[in-house]
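Okay, so here's the structure we're looking at.
The values are calculated or read from the model by the stated rules, or taken from the named source; none is laboratory data. This structure is a prediction, so every number in the text was calculated from the model and none was measured. Ideal geometry is used to build each Cβ from the backbone, glycine not excepted, and the neighbour counts take in all protein chains shown. Quick note on the areas: whole protein, heavy atoms, side chains included, nothing else; ligands and nucleic acids left out. Shrake-Rupley method; radii C 1.70, N 1.55, O 1.52, S 1.80 Å.
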Amino acid sequence: MSEILDYDHEVTVPEMMEARDHRVEMQRSIIEKTGFPVICFMLNVPGPHKVSEDFSWAFHEGVIRIKNKLLEHDLRIVYEETEEYVTGYVFYASVDSDSVNIKKAMCEIEEADRLGRIFDIDVIKTDGTKVSREEFGMGPRKCLMCEEEAHFCARNRSHKVSEMVEEIKRIIRNAKVHE
């Protein structure tokens, strides 16, 4: 995986598949190393451009929010790692706690404001499966564009990628102004 961040690079489907496989391998490796659940944080950015100055700012803001939320809940990070590739930014954190407690805390971030809505914070159990929001009574995430269930709009391609990216950029610009 290339570590040069070319903001003009258009990510291909094979690159995204390779990145996904790499994330799964990293999650497995970190769980094997620490014995604790793993947070895997990325931005929800559709389309072929996954890196930019604004996306980098939003990602690093997300990492700060994750660390602060874990502190607030008295949850301890035992290992962390950040990766920055043309396929996007990824933060991994192994946390000494129950995976459902971690996910509940991460959902607080995702639901806190519009910026949190573009965060994709997965919590991976020690068996390698993801904690679902439904496991503790939360409904599925809503679409940024229309408030339908996000997976419904994604599956049906309800919105133009260009319009979604513009909305994400607008959300980031507004968050930076109010910082």
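One line per residue, one yes/no per condition, for (1) in contact (Cβ under 8 Å) with a residue 40 or more places away in the chain; (2) part of a helix (DSSP H, G or I); (3) under 14 Å from the mean Cα position of the chain (by Cα):
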| position | (1), (2), (3) |
| --- | --- |
| Val90 | yes, no, yes |
| Lys103 | no, yes, yes |
| Glu111 | no, yes, yes |
| Ser158 | no, no, no |
| Ile172 | yes, yes, no |
Regarding Leu70, is this residue under 23 Å from Pro37 (Cβ atoms) and open to solvent by less than 50 Å² (accessible area, probe 1.4 Å)? yes
So Cys143 fits all but one of (1) surrounded by 12 or more Cβ atoms within 10 Å (Cβ to Cβ); (2) out of contact with any Phe, Trp or Tyr (no Cβ under 8 Å at 6 or more places or on another chain); (3) modelled with pLDDT of 85 or more; what number is the exception? (2)
Conditions (1) modelled with pLDDT of 95 or more; (2) under 18 Å from Glu25 (Cα atoms); (3) not polar (S, T, N, Q); number of the one not met by Tyr85: (1)
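Which count do you get for residues in region 157-179 that are closer than 22 Å to Glu61 by Cα, open to solvent by less than 90 Å² (accessible area, probe 1.4 Å) and not basic (Lys, Arg)? Walk me through it before giving the result.
Step one: filter region 157-179 for residues closer than 22 Å to Glu61 by Cα, giving 164-179.
Applying the additional criterion that residues be open to solvent by less than 90 Å² (accessible area, probe 1.4 Å) yields 164-169, 171-172, 174-176.
Pick out the ones that are also not basic (Lys, Arg) and you get 164-168, 171-172, 174-175.
Adding up the residues that qualify gives 9.
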Considering only residues of region 7-58 that are farther than 18 Å from Met164 by Cα and polar (S, T, N, Q), which is modelled with the lowest pLDDT? Thr12
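Would you confirm, using the coordinates I've provided, whether Val63 is aliphatic (A, V, I, L, M), assigned to a strand (DSSP E or B) and either in contact with a strand residue (DSSP E or B) (Cβ under 6 Å, 6 or more places away or on another chain) or open to solvent by less than 20 Å² (accessible area, probe 1.4 Å) (or both)?
On the way: aliphatic (A, V, I, L, M): yes; assigned to a strand (DSSP E or B): no; either in contact with a strand residue (DSSP E or B) (Cβ under 6 Å, 6 or more places away or on another chain) or open to solvent by less than 20 Å² (accessible area, probe 1.4 Å) (or both): yes.
It is false that Val63 is aliphatic (A, V, I, L, M), assigned to a strand (DSSP E or B) and either in contact with a strand residue (DSSP E or B) (Cβ under 6 Å, 6 or more places away or on another chain) or open to solvent by less than 20 Å² (accessible area, probe 1.4 Å) (or both).
On the given criteria, is Glu10 within 14 Å of Thr129 (Cα to Cα) and surrounded by fewer than 17 Cβ atoms within 10 Å (Cβ to Cβ)?
Values: within 14 Å of Thr129 (Cα to Cα): no; surrounded by fewer than 17 Cβ atoms within 10 Å (Cβ to Cβ): yes.
Considered against the rule, which asks whether it is within 14 Å of Thr129 (Cα to Cα) and surrounded by fewer than 17 Cβ atoms within 10 Å (Cβ to Cβ), Glu10 comes out as no.
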With respect to Val90, is the statement that it is in contact with an Asp or Glu (Cβ under 6 Å, 6 or more places away or on another chain) and at negative phi true? yes
Within region 146-156, how many residues are part of a loop (DSSP other than H, G, I, E, B) and either open to solvent by 90 Å² or more (accessible area, probe 1.4 Å) or touching a strand residue (DSSP E or B) at 6+ places or on another chain (Cβ under 8 Å) (or both)? 2
